[in-house]
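Note sheet for the following structure.
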Amino acid sequence: MNNEFTMRFALEKDIRVVLDLIKELSVYEKLEDQVVATEGLLKEWIFTKQKAEVILAELDGIPIGYALFFYNFSTFQGRSGIYLEDIYIRPENRGNGYGKALFKKVASLTVERKCGRMEWFVLDWNKPSIDFYLSMGAKPMDGWTIYRLEGETLDNAAK
């Protein structure tokens with residue numbers, strides 16, 4: 001093995017790998033009970049409906065992480081931004097700059113696509129990730145609280 005690190009856009013044939021990495025991330029975030037994604041759902045929403053994109057990080061052709069992102073929109077800026085839903089590097093591959101390279105790849109796509117900003121959420125307890133994002137120049141958004149509707153509450157709100 002020559003430890004060749006590469007990044008590429010995921011293909012439909014990579015769905016199983018993407019789902020496995022999502023499940024690994026959910027374990028790290030202590031949210032594994034919330035994963036309801038299936039290969040079929042990911043195929044439909046990522047590839048058929050093209051609502052998200054995935055970049056796979058590979059070491060010697062073996063997947064070691066991913067970034068999943070999609071467009072959002074800023075009415076104040078009058079243009080799209082990129083929302084980084086997930087960025088994940090397997091624990092045994094951390095500390096080698098792979099996560100930084102993956103993060104920079106999404107940032108460069110944001111710039112290349114002339115988007116106004118790149119945003120993401122981070123769990124309050126996740127100090128390693130918070131420290132990483134701060135080291136990249138990110139700033140937390142003070143004065144904003146995230147609200148969510150899902151499941152039954154979403155169904156009720158839609159009635």
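Might you let me know whether the stretch 99-115 holds any residue that is at pLDDT 95 or above, in contact with a Ser or Thr (Cβ under 9 Å, 6 or more places away or on another chain) and at positive phi? Scanning the stretch 99-115, I find at least one residue that is at pLDDT 95 or above, in contact with a Ser or Thr (Cβ under 9 Å, 6 or more places away or on another chain) and at positive phi, so the answer is yes. Within the stretch 5-15, if we keep just the residues that are crowded, with 17+ Cβ neighbours inside 10 Å and touching a residue at least 40 places away in the same chain (Cβ under 8 Å), the residue that is nearest to residue 89 (Cα to Cα) turns out to be 7. Taking each residue of the stretch 127-155 that is on the phi < 0 side of the Ramachandran plot and looking for partners that are assigned to a loop (DSSP other than H, G, I, E, B) and surrounded by 10 or more Cβ atoms within 10 Å (Cβ to Cβ) with beta-carbon atoms closer than 6 Å, six or more apart or interchain, yields 129/122; 130/122.
For residue 71, the requirement of being under 20 Å from residue 129 (Cα atoms), in contact (Cβ under 8 Å) with a residue 24 or more places away in the chain and within 17 Å of the chain's Cα centre (by Cα) is not met. Within the stretch 25-84, how many residues are touching a Cys at 6+ places or on another chain (Cβ under 8 Å) and open to solvent by 20 Å² or more (accessible area, probe 1.4 Å)? Adding up the residues that qualify gives 3.
In the set 18, 54, only one residue is under 26 Å from residue 97 (Cβ atoms), free of Cβ contacts under 8 Å to residues at least 60 places away in the same chain and part of a helix (DSSP H, G or I); that residue is 18.
Listed here are the residues, each with its yes/no results for (1) among the aromatic types (Phe, Trp, Tyr); (2) more than 27 Å from residue 124 (Cα to Cα); (3) assigned to a strand (DSSP E or B).
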{"position": "33", "(1), (2), (3)": "no, no, no"}
{"position": "40", "(1), (2), (3)": "no, yes, no"}
{"position": "44", "(1), (2), (3)": "no, yes, no"}
{"position": "47", "(1), (2), (3)": "yes, yes, no"}
{"position": "67", "(1), (2), (3)": "no, no, yes"}
{"position": "72", "(1), (2), (3)": "no, no, yes"}
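Of the residues making up the stretch 101-117, those that are open to solvent by 40 Å² or more (accessible area, probe 1.4 Å) and either closer than 23 Å to residue 26 by Cα or not in a helix (DSSP H, G or I) (or both) are 104, 105, 113, 114, 117.
Screening residue 88 with (1) open to solvent by 90 Å² or more (accessible area, probe 1.4 Å); (2) of a type in the set (Phe, Trp, Tyr); (3) touching a residue at least 60 places away in the same chain (Cβ under 8 Å) gives one miss only, at (1).
When the stretch 74-100 is filtered for residues that are assigned to a strand (DSSP E or B) and out of contact with any strand residue (DSSP E or B) (no Cβ under 7 Å at 6 or more places or on another chain), only 79 remains. Residue 123 meets each of the listed conditions (1) farther than 16 Å from residue 26 by Cα; (2) surrounded by fewer than 18 Cβ atoms within 10 Å (Cβ to Cβ) apart from (1). Go through the stretch 118-131 and give me each residue that's part of a helix (DSSP H, G or I) and over 23 Å from residue 71 (Cα atoms). Within the stretch 118-131, 127, 128, 131 meet the criteria.
The values are calculated or read from the model by the stated rules, or taken from the named source; none is laboratory data. The structure displayed is predicted, hence computed values, not measured ones. Virtual Cβ from ideal backbone geometry, glycine too; neighbours counted across all protein chains shown. Please note that ligands, DNA and RNA were not included when accessible areas were found on the heavy atoms of the full protein model with its side chains. Shrake-Rupley method; radii C 1.70, N 1.55, O 1.52, S 1.80 Å.
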